Amino acid sequence: MTGESDDVIIIGGGVIGCAIARTLASDYDVVVLERGQIAGEASALAAGEITMAPSYSDVPAIANHAIEFFRRYDGTGQFTFTECPSLELVTLDREGESRRRVKRLASKGIDVSFVEANQVEAAYPRFDLSEYVGAIKYDDTGFVDPYTFAMTLKKDAASRGATFETKTTVTDIRTNSGEVQGVETTSGTYSAPSVVVAAGWRSEGFLRDYLQLPIQPYRTQCVVLTLENGLVTDVPMGWVPGEHVYFRPEQNGDLLVGGWSFAENAPEHASTNDDEAFRNHVATLLPKFMHGFERARFVNGWAGIDGATPDTRPIIDAPNDGPAGLLVATGFHGRGVMSAPVAATAIRTLITGSECSFPLDEFALDRFESRSPNFEFQSISAGD
């Protein structure tokens, strides 16, 4: 606050902000400023899937960094990482391309295989793949409870010295001669030579006077279904290409189904409830490839807003055309929870100049020819 000085200010107390704070707090004075509550928006509403292997199959070092972190962090506090294979269902018209892709990815050392339809049904009796030829199976995947993960990171960061200020809205960045000096907030002035903006879809509007970001808001949804006898080990994680649906088991035997992601023009006023159209889509689709879901009961559902980029990958950078000391970590396009370890390491690398085990060019702002936020939205839940 006024009169005090920190090393790093992080704007945004979601899972990304908490992960960055944890990584920096041992060596820097860090303060996290959050307009609401910690993990109170997109982070708490996420599905919690950890599917970096298929998401970054072209850059295995990024996927490996993330999965190794979750395996190490499992058991910290209340946090649990449940390893679970993930299946991409394959129709006849996609078979040739899918088999070629598996062969190519396996040659890169990715733990992936093509599983015939009858083998999938034998391993997971809940499945009925009569309309599919098989599935691409990824083994380095799993899931977490997003809120527990974020709060564990927050507690870990606080134990290392980070300070968290909630219900504190940042109104502007303070600069002098092209260098960051700190921020102005509804609670006063905070000083620091480095400011990390990790404010989700709001980052684009907040930074508009300093930096143009190709970020646009979109709305995504989740529903939870329960069966009379529940699920045991008969359902892995997975997705259905072209159907805007992905799924994973819950620890209590329910099934979480997410997707139905579309650009949102009025994010501040968007409904937080799941749409009837999404429920109907799920109710129609699931019985086509899973037994027992004709009479599944909807437990609850919700919707949230996230930030998208043109290529579906985040911006984690210290842009040259922004004020010196300004860093951004935003546009995670639905992969914020699973990308948190990567974002934290990337920001630490950018601040310290240390070595990084994966390429940062994948997240550089200057990879985009256009910085306009008015681009054609790509839904990763479409699964294409």
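The values are calculated or read from the model by the stated rules, or taken from the named source; none is laboratory data. Just so we're clear, the structure is a prediction, and the values are computed from it rather than from any experiment. Note that we place each Cβ from the backbone using ideal geometry, even for glycine, and neighbour counts take in every protein chain shown. Keep in mind that these areas ignore ligands, DNA and RNA; they rest on the heavy atoms of the full protein, side chains included. Shrake-Rupley method; radii C 1.70, N 1.55, O 1.52, S 1.80 Å.
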Completion exercise
Of all DSSP beta bridges having both residues in the chain, the percent classed as antiparallel (nearest 5) is 75 percent
Exercise for the section: Rounded to whole Hz and in sequence order, give me ³J(HN,Hα) for segment 320-326 from the Karplus expression 6.51 cos²θ - 1.76 cosθ + 1.60, θ = phi - 60°, writing x for Gly and Pro. Expected result: 5, 8, x, x, 4, x, 9
Handout entry: Only Lys, Arg (+1) and Asp, Glu (-1) charged, at Cβ; segment 234-348 dipole about Cα centre in debye
Key = 300 debye
Handout entry: the chain, helix-only ellipticity at 222 nm - DSSP H runs n ≥ 4, -39,500 (n - 2.57), divided by all residues, nearest 500
Key = -7500 deg cm²/dmol
Handout entry: Gain upon complete extension [Arg160, Glu268; 0.36 nm per residue less C-alpha separation]
Key = 35.5 nm
Completion exercise
Relative to the chain, whose Cα atoms define the longest principal axis, helix 336-352 and its Cα axis are tilted in degrees, nearest 10, by 30 degrees
Problem - Cα gyration tensor shape for segment 334-384, rounded if a/c is under 1.5, else prolate or oblate - result: oblate
Problem - Near-label residues of segment 166-199 by backbone N, under 17 Å of a point 7 Å along Cα→Cβ of Gln37 - result: 166-169
Practice task
Calculate how steeply helix 15-24 sits against the longest principal axis of the alpha-carbon atoms of the chain, using the helix alpha-carbon long axis, and give the answer as 0 to 90 degrees to the nearest 10.
Solution key: 50 degrees
Problem - Choice from Arg219, Arg101, Arg335 showing the highest fluctuation, given a GNM over the chain with Cα pairs closer than 10 Å - result: Arg101
Practice task
Can you tell me the FRET efficiency between Ser130 and Lys108 if r is taken as the Cβ-Cβ distance and R0 is 30 Å, rounded to the nearest 0.05?
Solution key: 0.40
Problem - Long-range lysine pairs (8 or more apart or interchain), the chain, Cα under 25 Å - result: 5
Practice task
Scan around Val32 for amide H atoms under 5 Å from its own, H built in the peptide plane at 1.01 Å from N, and keep only partners 5 or more places away or cross-chain.
Solution key: Ile10, Thr163, Phe164, Glu165
Completion exercise
Judged on accessible area alone, 1.4 Å probe, highest first, Ser5, Ser203 line up as Ser5, Ser203
Handout entry: Residue of Asp306, Asp156, Asp209 that the Gaussian network model of the chain assigns the largest fluctuation, springs spanning Cα pairs under 10 Å
Key = Asp209
Practice task
Mind telling me which of Phe143, Phe289, Phe164 comes out most flexible in a GNM of the chain, alpha-carbon contacts under 10 Å?
Solution key: Phe289
Exercise for the section: Would you give the gap between the C-alpha center of segment 259-285 and the C-alpha center of segment 22-101, rounded to a whole Å? Expected result: 23 Å
Fill in the blank from the handout: For Arg313, the net charge from surrounding residues (Cβ-Cβ under 12 Å; K, R +1; D, E -1) works out to -3
Fill in the blank from the handout: Contact order relative to length for segment 7-59, counting C-alpha pairs under 8 Å separated by 6 or more residues, stands in percent at 38 percent
Problem - Per-pair calculated FRET efficiency, R0 = 56 Å: Glu116 and Asn280 via Cβ, rounded to 0.05 - result: 0.95
Problem - ³J(HN,Hα) computed for each position of segment 355-361 - Karplus, 6.51 cos²θ - 1.76 cosθ + 1.60, integer Hz, glycine/proline x - result: 6, 10, 7, 9, x, 7, 4
Exercise for the section: Could you list the residues of segment 320-363 with an amide nitrogen less than 20 Å from a label point located 7 Å from the Cα of Glu179 in the Cα-to-C-beta direction? Expected result: 320-328, 350-354
Handout entry: Answer label, with mean projected area of the Cα convex hull in nm² calculated from the coordinates and candidates (1) 18.5; (2) 17.6; (3) 21.0
Key = (1)
Fill in the blank from the handout: Longest principal axis of the chain (C-alpha) makes with the long axis of helix 60-73 (C-alpha) an angle, in degrees to the nearest 10, of 90 degrees
